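First the structure, in the form of structure tokens, and then the observations on it.
The values are calculated or read from the model by the stated rules, or taken from the named source; none is laboratory data. From a predicted model like this one, the values you see are computed outputs, not experimental measurements. In this analysis, Cβ positions are derived from the backbone assuming ideal geometry, glycine residues included, and neighbour counts consider all displayed protein chains.
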Amino acid sequence: MKRYRNTLITILFVGVLAAIFWKKTMSAQLATCEVCVEFNGQRQCSKASGPDQKEAARTAHSTACGPISNGMNEKIACDSRPPAEMRCDPPAL
């Protein structure tokens, strides 16, 4: 009986810990943006979320540049280009 009780307490503790991590992770992601970038004749779109629209757009832009740039110089050049298209959802409250 004692072994069953300890197992149950452990499962409950892990569940509460997982719920806390989930809540902290999701509460920080308030805005979502999709950004499309054109670079070197290629087009790549990416979605990202963040605490605000500016950070979500910056992250999506950087993520979109990754697959279409080769090396650090091209990545920096791609990151400095304005997006070809950008759609952002308003922050969830």
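From the set of residues in segment 19-41 that are modelled with pLDDT of 85 or more and of a type in the set (A, V, I, L, M), which is farthest from residue 81 (Cα to Cα)?
Restricting attention to segment 19-41, the residues satisfying the condition of being modelled with pLDDT of 85 or more are 31-41.
Subset that is of a type in the set (A, V, I, L, M): 31, 35, 37.
Numbers: 31: 22, 35: 12, 37: 8 Å.
For segment 19-41, the residue satisfying everything is 31.
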- [ ] Run down 78, 88 and say which single residue is under 20 Å from residue 31 (Cβ atoms), in contact (Cβ under 8 Å) with a residue 24 or more places away in the chain and crowded, with 16+ Cβ neighbours inside 10 Å.
- [x] 88
